[in-house]
Each structure stands twice: as structure tokens, then as C-alpha cells.
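Since the structure comes first, as C-alpha cells, the remarks are kept for the end.
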Amino acid sequence: MIYLDHNATTPVAAEVINEMCAVLERAWANPSSTHGPGQAARRVLADARARVAQALGCHPAEPVFTSGATEANHIALLGALDPRRGEAAKGRPRLVLSAVEHPSSLALAERLRAAGHAVDLIPVDGEGRLDMNAARALIGPDVALVSVMGANNETGVCMPLEELAELAHARGALLHVDATQLVGKSSLRFADSGADLWSVSAHKFNGPKGVGALLVRKGLDWPGLQAGRQERGRRGGTENLPGIVGFAAAAERMHRCLAADLAGMAALRQRLESGVLHIAAAHRAVRLYGAAGPRLPNTTLVRFGQLLAERVLHALERADIIAASGAACSAGGNQPSHVLLAMGESPQHALCGVRFSLGRDTTADEIDAALDALRQHVLPLLQAQSSEAERLAAVH
Ligand code: PMP
């Protein structure tokens, strides 16, 4: 199998598995217990926190460990409107998100709006780039939080975080970045991002699923959702120590290998995209999305004429190539991609985005095999569709 769906999730690194197994076997005590084994588990937790901080570029007091980025996004958005923030939240009832956020943020924003909260969405252009003029118009003095993804999971297009941080802060608002797709695919670190809050998820960079963090800038008093004493009162519940140690091991490995991984993925993505364009040279309807904007080095979203993503993916999977339609989270639902719709694509075309997302272990041979499969199995579908279209045009 050739796996080209790393934006959905990544394989767990061997060193991560080893460290997690060791914790499961040896550090299974409750870190809140005051006895010896509990205190030993507590030290393992503190060590993991320090490793995460070192790898992500934050202070050890800043990560609040969560069950992943979905929960981190919830703590960020709901915290912004929480009356427990007192003066800081007064007179700021509004949230501003981008229109292409992950469903974990957008669905929550939709719920908040239905409950009577004020939520605005910043549009993007045809290349998936944030409309900064609209952002300037929408981010007023009544905004509590601006929430945008560091990079989009479907297109890989990166958001102008520095500009947004400046704009949000000038209006007295905070900036939350859903950095889920950034970590491991960008050298940006929390401390340099200008953001006040960052969501992270370990399974996107060879860590385990079900663990992540919300990084909360030091000095910011952020109300949590789950009551309890853990995580300095910001997230109650016995800590997922094996998961957190797996997160730390994955973050450390990610940080150590990042420069080489970024260069490797960028070169292979280039090989993939020039191959796709070459194969489909006769078919001008092939479109690469987001190529004009700054993008993650591993992501390609492409439309093959009017071919539904589902057809392309089935054809590829028969040749053992695993890719995805725009969003794994809406897969199976056959919904047009909300990202492509926001980029101005028709509902029909928004069903046609095929995403290849490379990983640190992807090889040139794998890319060549994917290109072969496209040539053998997808090109004939595209040719059949073109001749069908020509026939119809001749009849009309
Ligand atoms: N935000 C983005 C941008 C994502 O890509 C994902 C995962 N698809 C999430 C949030 C949700 O992360 P998790 O699986 O850790 O809840």
C-alpha cells in the first residue's frame, strides 16, 4: 500500500510506540497521587511537558493537554466568550473565524451562532488565501477572538498569521491558531507566531491519536471546560500519561528531523505535481488548487476535469494508492468540500477535489507508482469524460 493521506493521520513512529509501552508498563500510577508511584508518574508528566514545550517553541507552563485538536479548538472558542474571563471579555461578544476552518471549529461556531452569539467568517479567494481586506473590516473592537488555521488541511494553503496577529491585537482581540496541520510541516514555532492560543494534535506528526494540546500564552488566564484540578485547573481528569509521553516523543522526533523532512516532502510534492500536469497536459480542466499561495510542502489538492473524487480514489485504491477527497472528516458523506465552495468552486466541482498528502517517509518510488496509477487508471476516465463532453457539445 502506498499511503498518501498524511493530513488525515500519520503512522505512529517506532520510538513513540516504545516510549508509550514503557509508560503503560511502568508509569501507570495516577500523577495526582501523593505516594511514591504517583509522584514518579508526576515526574514523567513534567518531563513530557518540558519536551513538548522545547519541540513546539513554548514555555512548559503553556501546554494544556487535551484529547486532541478538536477539544483544543473548543476550549479556545468557548473560553473566549466565557464570562469567567471578566473584564477581558466584556464588550467583546463576537468571534471571527475563517470560512475554511476545520469542521471542529466551524460546527461549533455554527452552534454558537444558533444560540444567539455573533460569529463572522472571513472569506478566501479562489486560491484559498484569506481576504485581508475583509478581515480588516470584520475585526472590530467588539471581537473577543480571531480563530484561523495555520494551514488548511485540504489545500495546504497557509494563513498570514503575522499580519492577523498584528491586526487582532491592534483591535484588542486575541488570536487563536489551529496549528494542527502546521506542526511537522512548517518551521513556525508558537513563540514566534504572534498567537495567543495554539491547537495541536499528536497524530498528525507520527504520534498517537486522542492526545494534543491547547497552548495558552503565559499570563493569559483561560477558563477550561472540564472542572478539576489537573492541568492547573484548566482541564480536569486523570492525565492520559501514555498518550502525553507519546506526544512528547513524536514532537521531539518531529523537531529533530524537521529541516530534512520539509526539504524531502517539498521535492517529492514537486515531482508529483509536475507529473500530474504532464499526464493531464491535454486536459486543461485539470486544476491544482492553492498553488499560488504559500502552502505546506506536502499537500496537493487537484481536480481531474469533472471526475468525482470518489471515482478517482476508487481507481487509485485498486492500484493500492491511498489518497483522499478534500476532507476525511466529511468522507462518506459525499458533501461538497466547504473549502472549495468557499474558494468559489461550483457544488459539482467541490465534489471533485482529490488530496494527496505526503509524509516524511514518502519515497520517490511511491510518487512514481502513484503517477503510474494515475496514467493507467485515471487518465482513461478523463479521456472518456472529455470525449463524452465533446459528443454532447456536437449534438447541441
Ligand atoms: N484541525 C485541523 C486543521 C485538522 O486537520 C484536524 C484533524 N483532521 C483537527 C483540527 C482535529 O484534530 P483531532 O483529530 O486531534 O481532533
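Derivation of every value follows stated rules applied to the coordinates shown; laboratory data play no part. Since the structure is predicted, the reported quantities are computational estimates derived from the model, not experimental observations. All Cβ positions, even for glycine, are placed from backbone atoms using ideal geometry, and neighbour counts span all protein chains on display.
Where a Cα-Cα gap under 17 Å defines reach, which lysines qualify for LYS185, not counting those fewer than 8 residues away within the same chain?
In chain and number order, the partners are LYS204.
Rounding to the nearest 10 and keeping the result within 0 to 90°, find how far the Cα-based axis of helix 309-318 lies from the longest principal axis of the chain.
Orientation of helix 309-318: about 90 degrees from the principal axis.
Under a straight-distance cross-link criterion of Cα-Cα below 22 Å, which lysines are reachable from LYS90, leaving out those fewer than 8 residues away in the same chain?
Partners found: LYS218.
How large is the charge dipole for the chain, taken about the Cα centre, if only the Cβ atoms of Lys, Arg (+1) and Asp, Glu (-1) carry charge, to the nearest 20 debye?
820
Restricting things to alpha carbons, find the Rg to Rh ratio for the chain using the Kirkwood radius for Rh.
1.00
Helix 36-56 versus the longest principal axis of the chain: what angle, 0 to 90°, nearest 10, using Cα atoms?
In the chain, helix 36-56 runs at an angle near 50 degrees to the longest axis.
Can you put GLU231, GLU110 in order, fewest other beta carbons within 10 Å first?
Result, fewest neighbours first: GLU110, GLU231.
For the pair TRP28/THR9, report the inter-label distance in nm, with labels modelled 7 Å from Cα in the Cβ direction.
2.4
Sort the following peptides by mean Cβ neighbour count (other Cβ atoms within 10 Å, averaged over residues), highest first: 3-15, 295-307.
Per-residue Cβ counts within 10 Å, averaged per peptide and sorted highest first, yield 295-307, 3-15.
Going by average Cβ density within 10 Å per residue, which order do the peptides 112-119, 134-141 take, highest to lowest?
Highest mean packing first, the order is 134-141, 112-119.
Measure nothing fancy, just the Cα-based angle from helix 364-373's long axis to the longest principal axis of the chain, in degrees from 0 to 90, nearest 10.
The answer is roughly 50 degrees.
Take every DSSP beta bridge with both residues inside segment 14-256 and express the antiparallel ones as a percent of the total, to the nearest 5.
40
Using +1 on the beta carbon of Lys and Arg, -1 on that of Asp and Glu, and nothing else charged, what's the dipole of segment 258-395 about the Cα centre, debye to 20?
The calculated dipole for segment 258-395 is roughly 360 debye.
What FRET efficiency comes out for ASP320 versus ASP192 if R0 is 35 angstrom and r is the Cβ-Cβ distance? Round to the nearest 0.05.
0.30
Between HIS35 and ALA227, what's the calculated FRET efficiency when r is the beta-carbon distance and R0 is 25 Å? Round to 0.05.
Once rounded, the FRET efficiency stands at 0.55.
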